[in-house]
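Data block below; observations after.
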Amino acid sequence: MPARPSILFVTDLAYQARGRRYCDEDILLTSRLRETFDIAQCHPLDAAALMDAFDAVVVRNSGPVLHYQEEYDAFRAEAAARGTRVYNPLNGRGDMAGKQYLLDLTADGYPVIPTVDRPEDLHVLPRAERYAVKPRAGADSIGLTFVPRDRLDGLPYGDILVQPGIDFRYEVSFYYVDDAFQYALHAPDPTRRWVLEPYEPTGADLAFARLFVDWNTLDHGIQRVDACRTQEGGLLLVELEDLNPYLSLDRVPDRTRDAFVTAVTASLHRFLDTAPRA
């Protein structure tokens, strides 16, 4: 019998995420992936030391990498040098590479919350009662603050991004495996981001999400396109999560969850077949 592919599944089961239980989601995923792969779990700080013994590394709910940025950068460098197969692949253009994509998408005219990082560009932003200020290397709302316009001039530009505060109706997330849509969830109450309900997207919604999946050009992997529904009815991109997006699998019906795991399993097999180890 041929050996089964081996997967090093990177997760921080102890990370305390607001409104989410990372450990439950990754226990579910590893229990299902174990039907097809040989699976071992490790903390993100141990991944570089262990990864050579496996056919691929799967990075899942490993927590915001800003808490261990130096070690994460070293892991990326070592994986590239050794030809380690990492899923998601490390060439993502979304949050995996920082927040620069918000600036790039703004400059290119994509439907994204307008974002600037220089005081001379503040005129690009629409007038708002308050402005969101977030660290360029932020994640999980860490360091996010809101300020009035008269306080924008004295901010530490270079390390931050500025966006107008958006009066949105709700947030909605679209989940993809490779380039295939899987499901959508939305938070009807804007003040309760992680109290999510299944959402039936329209054709226009899916066309919106597809813009950013196509822009990202990831051949393999799991992506989450986060958007907000404005009072005028349109969608604006909030984040393009392509590093370790939380999937809220506890919020979807059983059949949707099963279909998602099946899609991830097939994606991993394709990835292993088409991304030979160096």
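The values are calculated or read from the model by the stated rules, or taken from the named source; none is laboratory data. Please read these numbers as outputs of a predicted model, since none were measured by experiment. For neighbour counting, all protein chains shown are included, and Cβ atoms are generated from backbone atoms with ideal geometry for every residue, glycine included. Protein only, heavy atoms only, side chains kept; ligands, DNA and RNA dropped before computing areas. Shrake-Rupley method; radii C 1.70, N 1.55, O 1.52, S 1.80 Å.
Mean projected area of the Cα convex hull of region 112-223, taken over all directions, amounts to 8.2 nm².
The charge dipole of the chain, taken about its Cα centre with unit charges on the Cβ of Lys, Arg, Asp and Glu (plus for the first two, minus for the last two), comes to roughly 280 debye. Rounded to the nearest 20 debye, the dipole magnitude of region 24-131 is 240 debye, with +1 charges on Lys and Arg beta carbons, -1 on Asp and Glu beta carbons, and the Cα centre as origin. For the chain, the share of accessible area belonging to carbon and sulfur comes to 51 percent (1.4 Å probe, ligands and nucleic acids excluded). Only helices enter this figure: runs of n ≥ 4 DSSP H residues, each worth -39500 (n - 2.57), summed and divided by the residues of the chain, yield -8000 deg cm²/dmol at 222 nm to the nearest 500. Considering only beta bridges that DSSP places wholly inside the chain, some 75 percent are antiparallel. Dipole orientation for region 137-229: of the candidates 220, 180, 164, 164 has the Cα lying most toward the positive pole (charges on Cβ; Lys, Arg +1; Asp, Glu -1). A P(r) calculated from all alpha carbon pairs of region 1-135, with 10 Å bins opening at zero, reads 10, 32, 28, 19, 9, 2, 0 percent. Treating each Cα of region 72-120 as one equal point scatterer and applying the Debye formula with no solvent, the log10 of I(q)/I(0) at q = 0.12, 0.27, 0.32, 0.33 Å⁻¹ comes out as -0.39, -0.98, -1.22, -1.26. Treating each Cα of region 33-89 as one equal point scatterer and applying the Debye formula with no solvent, the log10 of I(q)/I(0) at q = 0.18 Å⁻¹ comes out as -0.60.
Overall size of the chain from C-alpha positions, given as principal axis extents largest first: 67, 39, 33 Å.
Counting only protein heavy atoms and a 1.4 Å probe, the chain has 47 square angstrom of accessible area per residue.
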